[in-house]
2 protein chains.
Amino acid sequence: MSAPTRFAKLTPEEAAELIGHGATLGFSGFTPAGAAKATPLALAARAKRLHAEGKPFKVRVLTGASTGASIDDALAEADAISWRAPYQSSKALRNRINRQETEFVDMHLSHVPQMVEFGFFGKIDFAIVEAVDVAPDGRIYLSTSVGASPSYLKHAEKVIIEVNRHHTKQLMEMHDIKILPAPPHRNPIPIDHPLAKIGTPFAACDPEKILGIVETDESDGVAPFDPVDDVSEKIAGHVVKFLLDELAAGRIPPEFLPLQSGVGNVANAVMAGLGKSDVPSFYMYSEVFQDALVDLMEQGRLLGASATSLTLSEPQLKRVYDNMRFFAPRIVLRPQELSNNPGVIRRLGVIAINTVLEMDIFGNANSTHVAGTQLMNGVGGSGDFVRNSYLSILVAPSIAKAGRISTVVPMVSHVDHNEHSVQILVTEQGLADLRGLGPIERAKRIIEKCAHPSYRPYLHDYIQSATLGHVRHDLARCYELHQNLLKTGQMLPK
Amino acid sequence: MSAPTRFAKLTPEEAAELIGHGATLGFSGFTPAGAAKATPLALAARAKRLHAEGKPFKVRVLTGASTGASIDDALAEADAISWRAPYQSSKALRNRINRQETEFVDMHLSHVPQMVEFGFFGKIDFAIVEAVDVAPDGRIYLSTSVGASPSYLKHAEKVIIEVNRHHTKQLMEMHDIKILPAPPHRNPIPIDHPLAKIGTPFAACDPEKILGIVETDESDGVAPFDPVDDVSEKIAGHVVKFLLDELAAGRIPPEFLPLQSGVGNVANAVMAGLGKSDVPSFYMYSEVFQDALVDLMEQGRLLGASATSLTLSEPQLKRVYDNMRFFAPRIVLRPQELSNNPGVIRRLGVIAINTVLEMDIFGNANSTHVAGTQLMNGVGGSGDFVRNSYLSILVAPSIAKAGRISTVVPMVSHVDHNEHSVQILVTEQGLADLRGLGPIERAKRIIEKCAHPSYRPYLHDYIQSATLGHVRHDLARCYELHQNLLKTGQMLPK
């Protein structure tokens, strides 16, 4: 491939100067993986300068999902984000969202590329996308994530590419890029296996739109996971036992089914637990390829994985880059519209395992808002998977803050996954299989299997005292635990 | 076709005698259309007799969706249903569900056939299915609905067929039956147009399982819709204007997109309004083919429709049967797994219009439970469509019970469709387009556009007094309107 000599080289500061107040920006990045790095930092510096001069400067920010510190932390700390979608995990940004200083739209991640394509977000002024290489005709070879970048590159009016020399150009062997056209003339998506490829190794971009190239040499800065703790190990044990029982009962086929796993320490522990178990070697059709999966793939336990990002700490990423002949044929990185596609998830029969903040005794789950108001991160891809999976498994520790909080409550304070879609709830206490149960039977099982023993009497009493109905609730008391927490710092008196 | 002489003729009473206490039954029926009629009535009579003798008799009942009076009303009034899924609309049954006398599992309708196939419901003892004809080799030609009948016929241990001479055998020209295999080895569903056919005109059944044929000659007993009222007409007007604006803005393509419409008077009025409008002639990819659609099809406004049931009052059904050469090529009846399939709905870009019980100011909607506890009907197919549609439009009158109830509330008392999936809310007051808005912007727009003016001050005040956050709520007050209603019969003092 020829060097991208056709395009101007820009310093990050020169790139940032091109972006005006009020612009809508589509950044690459799905987790810190593949996030634009130098340009948003320079943009944050520019915003601070302008603010110091008393001038307004805020932008509207779209990404794949969460980002590295370079985008959400830096731009939020500079008070430079007026509007943000579809997901974030930055403390600085979260605080501004919860203070209503930044408008945040919490979205199913599979919806993002199609909403760009449909024109629902309006005009996108700039795509700012990290790549490992750019061809003079506008073929963009993305780095460690795909996310929504192909759609931003297609639809943005102007484009800035960050070419990051930290990553191997061989990443293109993993990429499978395809933008679905708008309906009604759409063919079925021909993915019939997690490793099926249906597109090209590059994202296409009109070269006339490319304002220039910013060169970088920076790691994604992915933090390694915590060591597996006792609670996570118990949760993993319940999930493994359940999956083995389902296999034995013939409700999971002997070749097993593709797995999806959410991001985080508990999910990472579950994957490690599955690797050590008697579950057959498996594929994944998931969102994020995380640290534990490198080991499982080397051990032959994970046969292959579809994802939209390679979110690996430096040592794990190095293992992959040092052995691309092994890893490249086993990992496919897709746009998030396809990694999280409802139709494909349902077709493949994905078993989805996701972490939640709280669950209620009737099987609804809250993934996003503490006490119904304070955003944590966002719904992310969990809704795409929970709603369309073969088996939807939601996991959480039964208590938090040394027992001052029960994650099992009478009514969740925000519903991200409702009783119609949730099938299996798991805490370190046990596993509640809700399939085929009405609300009261669900409640009994969730209290006995998932709630911490110190909260079971309260939860049983709640049902008894609630209004008789298909679901039993007392609308005067359903958030009593949350209100106690807000007032006293604990859900129940000691 | 040869007459089904191979199979024994049974009276309904003889058929009912074959069914024992505790059996799990899969009945045909999606709405009253195509519901088994004589056998369940005889079963209800048998239950009453046995109960009078002090003997236990209850069955577990699966259907496609709601049924005619013959199943849910009759069996509920006989106290003969211990467990029921996935949907119902019977007063007698609803009362027993809300008194906890019958366990009810409220399910997304597209999930039902696959859960049978996956074995999640356990053994199904009997399929009791209405047909227009049966071939000696077990080809079953279904009547006015498909629903989940093909799956019950495949998986039940024993089968009773009701051959209903009321319906034309030409219905087979509309049927397109296909059971999806269990994963992982599944190909894409090749439906790329509402009228695409991918299966056979019959459901297959092992003839050895067929215990006999019950002959009937009975209409489905579908009630005609109420005349369009002022409120429904205003809602329809807002929806039509919105769709025309989206067309003009290029966010709906000039050939339009397939429509889905829920069941009921408001939805029927919206369809009639669309027919009279400047919206281009369109296709439907929906669940139920209702009365208004017969007229629209004759007028050339509705070009074709995919559904799982032909739910027509007798005069409209007669018009269809009298002109099958016109109607048969324009209507496809599919299993509910396909009529409501998430992947197909998303692929085709369906615009989904559904009625809800209440909506909240942050864009969550309740389709199922009054005051969080009393089941109305169930979620039905609305979740299949809302979650996967190109545009999800939810409609309701802004007030009920002469203004004593506001359908726009601070927090819905049950979440069937959450803020991540709901895009457009409509009442007779106006239309709130929520795309791209954060929670507080949503709240302002919903209050101003959708809430009844007499509730707007309360709702504005609620937000002002609530806890600051990404979402604003006061957990002590979020159900104040509902509690007032339960105590005083009205949400706000006069």
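The values are calculated or read from the model by the stated rules, or taken from the named source; none is laboratory data. These numbers were taken from a predicted model, which means no experiment stands behind them. All Cβ positions, glycine included, derive from the backbone under ideal geometry; neighbour counts span all protein chains shown.
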**Item:** Residue that is touching a residue at least 40 places away in the same chain (Cβ under 8 Å) and surrounded by fewer than 22 Cβ atoms within 10 Å (Cβ to Cβ), where the choices are A:Ala45, A:Ala36, A:Ala69
**Value:** A:Ala69
**Message:** For the range A:60-78, give me the residue count where each residue is hydroxyl-bearing (Ser, Thr, Tyr) and either part of a helix (DSSP H, G or I) or not assigned by TED's automatic domain parsing to the domain that holds A:Val146 (or both).
**Reply:** 1
**Prompt:** Just a yes or no: is a residue in the range B:358-372 touching a Ser or Thr at 6+ places or on another chain (Cβ under 8 Å), more than 12 Å from chain A (Cβ to nearest Cβ), modelled with pLDDT of 95 or more and not in a strand (DSSP E or B)?
**Reply:** no
**Message:** Given the criterion more than 12 Å from chain B (Cβ to nearest Cβ) and hydroxyl-bearing (Ser, Thr, Tyr), identify the matching residue among A:Ser406, A:Ser389.
**Reply:** A:Ser406
**Prompt:** Can you pull out the residues in the range A:402-443 that are within 18 Å of A:Cys478 (Cα to Cα), of a type in the set (Val, Ile, Thr) and under 26 Å from the mean Cα position of the chain (by Cα)?
**Reply:** A:Ile405, A:Thr407, A:Val408, A:Val409, A:Val412, A:Val415
**Request:** Return the only residue of B:Gln483, B:Gln464, B:Gln490 being of a type outside the set (A, V, I, L, M, F, W, C), modelled with pLDDT of 95 or more and closer than 27 Å to A:Tyr87 by Cα.
**Result:** B:Gln464
**Complete:** The condition of being within 17 Å of A:Gln114 (Cα to Cα) and without any contact (Cβ under 8 Å) to a residue 40 or more places away in the chain holds, among A:Pro227, A:Pro150, A:Pro183, A:Pro190, only for A:Pro183
**Item:** Check on A:Ile252, over 22 Å from A:Ser89 (Cβ atoms), crowded, with 21+ Cβ neighbours inside 10 Å and not assigned by TED's automatic domain parsing to the domain that holds A:Glu173
**Value:** yes
**Request:** Select from the range B:275-296 the residues that are among the aliphatic types (A, V, I, L, M), within 23 Å of A:His185 (Cβ to Cβ) and buried (at least 24 other Cβ atoms within 10 Å of the Cβ) and list them in ascending order.
**Result:** B:Met284
**Request:** Among the residues of the range B:69-97, write down those that are within 12 Å of another protein chain (Cβ to nearest Cβ) and under 20 Å from the mean Cα position of the chain (by Cα).
**Result:** B:Trp83, B:Arg84, B:Ala85, B:Pro86, B:Tyr87, B:Gln88, B:Leu93, B:Arg94, B:Asn95, B:Ile97
**Request:** For A:Val408, work out the one condition from (1) over 18 Å from A:Ile235 (Cα atoms); (2) among the β-branched types (Val, Ile, Thr); (3) in contact (Cβ under 8 Å) with a residue 40 or more places away in the chain it doesn't fulfil.
**Result:** (1)
**Request:** Identify, from the list A:Arg347, A:Arg334, the residue that is within 14 Å of another protein chain (Cβ to nearest Cβ) and surrounded by 24 or more Cβ atoms within 10 Å (Cβ to Cβ).
**Result:** A:Arg347
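Condition check ((1) within 21 Å of B:Gly119 (Cα to Cα); (2) outside the structural domain of A:Leu312 (by TED's automatic domain parsing); (3) touching a helix residue (DSSP H, G or I) at 6+ places or on another chain (Cβ under 9 Å)) across all residues:
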{"residue": "A:Ala204", "(1), (2), (3)": "no, yes, yes"}
{"residue": "A:Lys209", "(1), (2), (3)": "no, yes, yes"}
{"residue": "A:Gly212", "(1), (2), (3)": "no, yes, yes"}
{"residue": "A:Ala223", "(1), (2), (3)": "no, yes, no"}
{"residue": "A:Lys234", "(1), (2), (3)": "no, no, no"}
{"residue": "A:Phe242", "(1), (2), (3)": "yes, no, no"}
{"residue": "A:Ala248", "(1), (2), (3)": "yes, no, no"}
**Item:** Hey, B:Phe202 at pLDDT 95 or above and either at positive phi or within 14 Å of another protein chain (Cβ to nearest Cβ) (or both) or not
**Value:** no
**Request:** Among what's in the range A:205-222 and is touching a strand residue (DSSP E or B) at 6+ places or on another chain (Cβ under 7 Å) and assigned to a loop (DSSP other than H, G, I, E, B), pick the residue that is farthest from the other protein chains (Cβ to nearest Cβ).
**Result:** A:Asp217
**Request:** Could you list all residues from the range B:392-404 that are more than 14 Å from B:Ser232 (Cα to Cα) and crowded, with 22+ Cβ neighbours inside 10 Å?
**Result:** B:Ser392, B:Ile393
**Message:** Which of the helices (runs of 4 or more DSSP H) found entirely inside the range B:433-494 contain at least 1 residues meeting this: touching a strand residue (DSSP E or B) at 6+ places or on another chain (Cβ under 7 Å) and within 11 Å of chain A (Cβ to nearest Cβ)?
**Reply:** B:439-449, B:480-488
**Fill in**
For the range B:467-479, the count of residues that are surrounded by fewer than 21 Cβ atoms within 10 Å (Cβ to Cβ), touching a residue at least 12 places away in the same chain (Cβ under 8 Å) and not basic (Lys, Arg) equals 1
**Asked** Can you tell me which residues in the range A:79-119 are under 29 Å from B:Ala248 (Cβ atoms), β-branched (Val, Ile, Thr) and in contact (Cβ under 8 Å) with a residue 40 or more places away in the chain?
**Response** A:Val112, A:Val116
**Prompt:** Going by the structure shown, is A:Tyr458 surrounded by fewer than 24 Cβ atoms within 10 Å (Cβ to Cβ) and modelled with pLDDT of 95 or more?
**Reply:** yes
**Prompt:** Going by the conditions given, is B:Leu394 in a strand (DSSP E or B), more than 11 Å from chain A (Cβ to nearest Cβ) and in contact with a Cys (Cβ under 7 Å, 6 or more places away or on another chain)?
**Reply:** no
**Message:** Residues that are within 21 Å of the chain's Cα centre (by Cα) and not polar (S, T, N, Q): list the helices (runs of 4 or more DSSP H) wholly contained in the range B:253-355 that include at least 3 such residues.
**Reply:** B:265-276, B:291-298, B:342-348
